[in-house]
There are 2 protein chains.
Amino acid sequence: MPNPSAASPQPLTPDEESLVRALGQVMHVLPRAIDADMVGDRQLPLTEYTALMNLSETPDRRMRMNELAALCHLSLSGMTRTIIRLETQGLVRRERCEEDARGWNAVLTDAGYARLQESWPSHLAAVRRRFLQHFEGFDLTQLARAFQRAGTAEPTD
Amino acid sequence: MPNPSAASPQPLTPDEESLVRALGQVMHVLPRAIDADMVGDRQLPLTEYTALMNLSETPDRRMRMNELAALCHLSLSGMTRTIIRLETQGLVRRERCEEDARGWNAVLTDAGYARLQESWPSHLAAVRRRFLQHFEGFDLTQLARAFQRAGTAEPTD
DNA sequence: AACCGGCGCTTGATTGGTCAAGCAAATATG
DNA sequence: CATATTTGCTTGACCAATCAAGCGCCGGTT
């Protein structure tokens with residue numbers, strides 16, 4: 001029997017219920033709000049910002065598509081398309097990978113780095129204001145751990 | 001000066017950093033995982049499930065598009081399209097609103113109700129397993145409140 | 001009672017993502 | 001060493017969401 005709880009399991013407690021609902025709302029509202037804050041301010045949608053940010057954190061500002069996609073929580077093809085968008089804006093350049101001619105490196109250009117420098121204060125402010133601010137007084141270490149667990153999807157068994 | 005913190009504000013603490021990253025991952029992974037669990041089990045994507053669920057919670061299983069869209073965190077046009085999808089599956093019917101001939105009611109059909117009944121145990125199990133389980137020992141009331149605050153987007157000032 | 005601005009909803013165009021198929025380089029196999 | 005399989009990435013087709021424009025009805029004005 002594939003689904004052991006098919007009958008009618010315990011419903012959620014009111015607390016659980018409202019937590020789940022609130023999470024749903026956050027997942028919907030937050031990225032849009034942060035996006036809006038940044039776009040209004042420095043014209044960089046969240047996905048593209050994340051890509052630039054991850055690139056900037058490597059020693060030589062370059063990364064294979066594979067790895068970058070994983071860090072950005074994007075499919076490989078989604079990543080390709082994001083990088084193309086960034087490339088046409090001159091914020092990223094693509095170079096064939098030396099030790100494996102199938103591979104590509106996305107390389108952060110100086111323009112890209114400059115743009116990131118411009119954007120991150122407003123990104124940071126948005127994250128604080130929209131999210132972190134509401135968790136003052138919480139044990140962030142604990143909380144982060146819980147989210148990491150939840151974010152690590154086990155396969156659908 | 002529109003952006004007062006343009007220079008180089010305090011970066012995030014490591015805890016804040018990892019919380020933010022973990023939330024990003026959760027926002028990406030969780031809906032897909034829950035979707036996968038449910039689709040694998042009872043063929044109802046999360047958006048459609050949410051619509052049916054909200055309808056089922058009204059006294060007469062019907063709701064104006066407006067209100068339903070808000071509860072589903074969907075734009076009005078997104079809601080229209082979702083309802084159309086559900087309608088073609090026979091899970092929802094649309095009726096002109098009596099007291100205002102511009103309006104429509106989405107009405108949960110018996111088939112829709114039945115389908116919801118079938119789905120919700122696996123939805124519930126997914127939510128528990130993928131999310132709630134990782135927050136045992138937390139003060140859920142507090143947590144829910146914090147998320148509610150974060151989910152209430154103030155306009156971009 | 002004829003108009004007209006606003007409202008409720010749908011529709012068209014676009015966007016940003018997914019999955020599946022394709023292609024070229026790399027690697028394993030007979 | 002030739003061929004088959006696998007790998008890394010791109011491309012094509014699609015999909016679900018968005019925004020902006022459109023359509024018909026409402027309700028207040030004159």
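The values are calculated or read from the model by the stated rules, or taken from the named source; none is laboratory data. Predicted model only: the values in this text are computed from it and were never measured. As a convention, Cβ positions derive from the backbone with ideal geometry for all residues, glycine included, and neighbour counts pool all protein chains shown. For accessibility, only protein heavy atoms count, side chains too; no ligands or nucleic acids. Shrake-Rupley method; radii C 1.70, N 1.55, O 1.52, S 1.80 Å.
Build a GNM of chain A with springs between Cα atoms under 10 Å: which of A:76, A:124, A:12 gets the top mean-square fluctuation?
A:12
Mind pulling the angle between the C-alpha long axis of helix B:110-130 and the longest principal axis of chain B? Nearest 10 degrees, somewhere in 0 to 90.
Roughly 20 degrees, rounded to the nearest 10.
Let me know the charge dipole size of the protein assembly as shown about its Cα centre in debye, to the nearest 20, where only the beta-carbon of Lys, Arg (+1) and Asp, Glu (-1) is charged.
Result for the protein assembly as shown is approximately 640 debye, rounded to the nearest 20.
Could you report the accessible area of residue B:139 in Å², rounded to 10, computed with a 1.4 Å probe on the protein chains as they sit in the structure?
In the full protein context, residue B:139 sits at about 90 Å².
Please identify the trypsin sites (Lys or Arg not before Pro) of the range B:42-140 that satisfy two criteria: DSSP loop assignment and at most 11 other Cβ atoms within 10 Å. Which are they?
B:102
How much accessible surface area, in Å² rounded to 10, belongs to the heavy atoms of residue A:58 with a 1.4 Å probe?
About 30 Å², ignoring ligands and nucleic acids.
Using a 1.4 Å probe on the protein heavy atoms, what percent of the accessible area of the range A:42-127 belongs to carbon and sulfur?
Accessible surface attributable to carbon and sulfur in the range A:42-127 totals 50 percent.
Got the residue A:152 label distances to the other copies yet, label 7 Å along Cα→Cβ, in nm, shortest first?
3.5
Name the residues of the range B:91-132 whose accessible area, probed at 1.4 Å, falls by at least 20 Å² once all protein chains are in place instead of their chain on its own?
So the qualifying set is B:120, B:121, B:124, B:127, B:128, B:129, B:130, B:131, B:132.
Please find, in a Gaussian network model of chain A (springs between Cα atoms separated by less than 10 Å), the residue of A:31, A:59, A:14 whose mean-square fluctuation is greatest.
In this elastic network of chain A, the residue with the biggest mean-square fluctuation among A:31, A:59, A:14 is A:14.
Can you give the local net charge around residue A:93? Use residues other than it whose beta-carbon is closer than 12 angstrom to its beta-carbon, Lys and Arg +1, Asp and Glu -1.
+1
Modelling each spin label as a point 7 Å along the Cα-to-Cβ direction, I'd like the residue A:95/residue A:60 distance in nm, to one decimal.
A separation of 0.6 nm, rounded to one decimal place.
Could you work out the helix-only [θ] at 222 nm for the protein assembly as shown, with each DSSP H run of four or more residues adding -39,500 (n - 2.57) and the total divided by the number of residues, to the nearest 500 deg cm²/dmol?
My calculation for the protein assembly as shown gives -19500 deg cm²/dmol from helical runs alone.
Which whole-number percent is the relative contact order of chain B (Cα, under 8 Å, 6+ apart)?
Numbers: 122 pairs, mean separation 33.4, N = 157.
The normalised contact order for chain B reaches 21 percent.
Return one whole number: the accessible area per residue of the range B:43-145 in Å², for a 1.4 Å probe.
That works out to 51 Å² per residue.
Summed for both chains, how many Å² of accessible area, to the nearest 100, are buried between A and B with a 1.4 Å probe? Intermediate values should be presented prior to the final figure.
On the way: alone 11250 and 11220 Å², together 16700 Å².
Chains A and B together bury approximately 5800 Å².
Please arrange A:60, A:110 by accessible surface area, largest first, computed with a 1.4 Å probe and ligands excluded.
Values: A:60 85, A:110 125 Å².
Putting A:60, A:110 in descending order of accessible area: A:110, A:60.
Extending each Cα 7 Å along its Cβ direction at residue A:139 and residue B:70, get the distance between those two points in nm, one decimal.
Here the answer is 3.8 nm between the modelled labels.
Heavy-atom accessible area of residue A:131 with all protein chains present, probe 1.4 Å, nearest 10 Å²?
Answer for residue A:131: close to 10 Å² accessible.
For A:88, A:13, B:109, write out the residues from largest to smallest accessible area, computed with a 1.4 angstrom probe and no ligands counted.
Correct descending sequence by accessible area is A:88, A:13, B:109.
Using the Cα gyration tensor of the range A:26-157, with a ≥ b ≥ c the square roots of its eigenvalues, what is the shape: rounded (a/c below 1.5), prolate (a/b larger than b/c) or oblate (neither)?
Judged from the Cα gyration tensor, the range A:26-157 comes out oblate (a/c at least 1.5, b/c at or above a/b).
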